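Visitor: Here it is, the structure, as structure tokens.
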Amino acid sequence: MAVIEPIARLQEEMTRWRRDIHAHPELGFEETRTSDIVAGKLHAFGLEVHRGIGKTGVVGVLRSGRAERSIGLRADMDALPILEANTFAHRSTHDGRMHACGHDGHTTMLLGAAKYLAEALSFDGVVNFIFQPAEEGIGGARAMIADGLFERFPCDAVFGMHNRPGLPLGKFAVRAGPMMAGGAFFDIRVTGKGSHGARPESGVDSVLVASHIAIALQSIVSRNVRPLDAAVVSVTKIHSGDAYNVIPQTAQLSGTVRTFTREVMGLIETAMRRVSKGTAEAFGAAAEVDFHVIFAPTVNDADEAEFVAGVCAEVAGAENVNRNPNLIVASEDFSFMLEQVPGCYFNIGNGAGEGACEVHNPGYDFNDAALALGASVFARIVEKRLVKAGD
Ligand SMILES: [Zn+2]
Ligand SMILES: [Zn+2]
């Protein structure tokens, strides 16, 4: 089995949807036009449509047969604040906004699967089509969950797909366990005692303390984290002082942490608080640490990952499924859904050619040649998971 035939026939139509969404990008929680389109199409396909879940989020519910079992399929809808460099006809019509992560393609693939499944009704159970806003670091998944996503639309399992540039067209990648890193941002405020630059003995130098903290934080990954656990601690900002002859009273360090488990994230947070406060105290200063987890690690359920790998192999051929890809140090907020419901997040190849550069690059474009393939995998996940008696 390859691409599902009725979905292959949607290729041109899906390409039009995708390019229209690409030309009209909207930032997180502002996806009003996009969610209007999504809701309108779902309604036209015959789905029950729910809006305003996580502000601009949309859920389409499709029932077939009598089984109570249910699954969720999720796509993200938001664009990025990037000035598009592409010159093709479907380039962004909004300066400074761009679909540079392929969420236009994800939304389109899920719409294509919904259209096919609503006609074929080739399953027995309930499918929740989850169109999420604001994936790019501003909390769309958490907003939907806070609005009762999984209480209102119970799912036995959830599945999400992201394109991956560099992975050839026609290929998929999925792994059991951690797939992408969790990410945290931190701010450390050092308070010393301001003084004249020529009289250090009368002050406590916040710049010196901040410098020691920046260096000491680099011991956390090397000395506190198990060598087999991957983690990153990066201090990316140090701000202090305004004058040549003033020892500033305060200094601030900020940065990011990436880990592949909540446990290691917690360990690093604890160590960061200890090292920052202890180092500051050693110099007679004080340090306050704000630590915010922005993304949970994306961790796939082992059985669900095996199931998805099997579906991808059936659609694309076993040789086109990488079941052991490298961990990805970027993050994804589908992770928060996976913390609520077991499931799997996987990658579809975006291939080479025009627009095949990395996501978040001003020259990026989703590869329309992947649309029917991705929509087929979504649809087959439903058909294989919610098997219709007699099929
Ligand atoms: Zn992105
Ligand atoms: Zn993305």
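Visitor: Return the FRET efficiency for the residue pair Arg152, Glu339: r is the Cβ-Cβ distance, R0 is 25 Å, and the value is rounded to the nearest 0.05.
Guide: 0.90
Visitor: Quick one: ranking Asp365, Asp156 by accessible area, 1.4 Å probe, largest first, what do you get?
Guide: Asp156, Asp365
Visitor: For the chain, compute the orientation-averaged projected area of the C-alpha convex hull (one quarter of its surface), in nm².
Guide: 21.0
Visitor: Which of rounded, prolate or oblate describes the stretch 1-119 when judged by the alpha-carbon gyration tensor and an a/c cut-off of 1.5?
Guide: Oblate shape, in that a/c is at least 1.5 and b/c is the bigger or equal ratio.
Visitor: Subtract the Cα-Cα distance of Lys193 and Val61 from 0.36 nm times their separation in residues, and report this length gain in nm to one decimal.
Guide: Here the segment from Lys193 to Val61 would lengthen by 41.5 nm.
Visitor: Right, here's the next one. When the convex hull of the C-alpha atoms of the stretch 328-388 is computed, what volume per residue in Å³ does it have?
Guide: 103
Visitor: Now, a different point. Could you give the dipole magnitude of the chain about its Cα centre, charging the beta-carbon of Lys and Arg +1 and that of Asp and Glu -1, in debye to the nearest 20?
Guide: Using only the charged Cβ atoms, the result is roughly 440 debye.
Visitor: Work out how much length Arg223 to Arg262 would gain on full extension: take 0.36 nm times their residue separation and subtract the Cα-Cα distance, in nm to one decimal.
Guide: That pair, Arg223 and Arg262, stretches by 12.2 nm at full extension.
Visitor: In the chain, carbon and sulfur make up what percent of the accessible area (probe 1.4 Å)?
Guide: Result for the chain: 51 percent of the exposed heavy-atom area is carbon or sulfur.
Visitor: Would you grab the residues whose amide H sits under 5 Å from the one on Val158? Only those 5+ places off in sequence or on another chain, please, with H modelled 1.01 Å from N.
Guide: Residues meeting the amide H criterion: Gly72, Gly343, Cys344.
Visitor: Report, in order of residue number, the helices in the chain meeting two criteria: a C-alpha extent of 15 Å or more along the helix axis, and a mean Kyte-Doolittle hydropathy of at least -1.0; treat each whole DSSP H run as one helix.
Guide: Within the chain the helices that satisfy the rule are 32-45, 103-120, 206-219, 262-282, 302-316, 371-385.
Visitor: Then there is this: Quick check: residue separation of Arg33 and Ala369 times 0.36 nm, minus the Cα distance between them. What number comes out in nm?
Guide: That pair, Arg33 and Ala369, stretches by 118.5 nm at full extension.
Visitor: Using only DSSP helix segments of four residues or longer, with each worth -39500 (n - 2.57), what per-residue ellipticity at 222 nm results for the chain after dividing by its residue count and rounding to 500?
Guide: -10500 deg cm²/dmol
Visitor: Under a Cβ-Cβ cut-off of 15 Å, what is the net charge of the residues other than Arg258 that fall near it, where Lys and Arg count +1 and Asp and Glu count -1?
Guide: Surrounding charge for Arg258 is -4.
The values are calculated or read from the model by the stated rules, or taken from the named source; none is laboratory data. The structure presented is a predicted model; accordingly, all values stated were derived computationally and were not measured. Don't worry about glycine lacking a Cβ; one is built from the backbone with ideal geometry, like all the others, and counts go over all protein chains shown. Note: areas computed on protein heavy atoms with side chains; ligands, DNA, RNA excluded. Shrake-Rupley method; radii C 1.70, N 1.55, O 1.52, S 1.80 Å.
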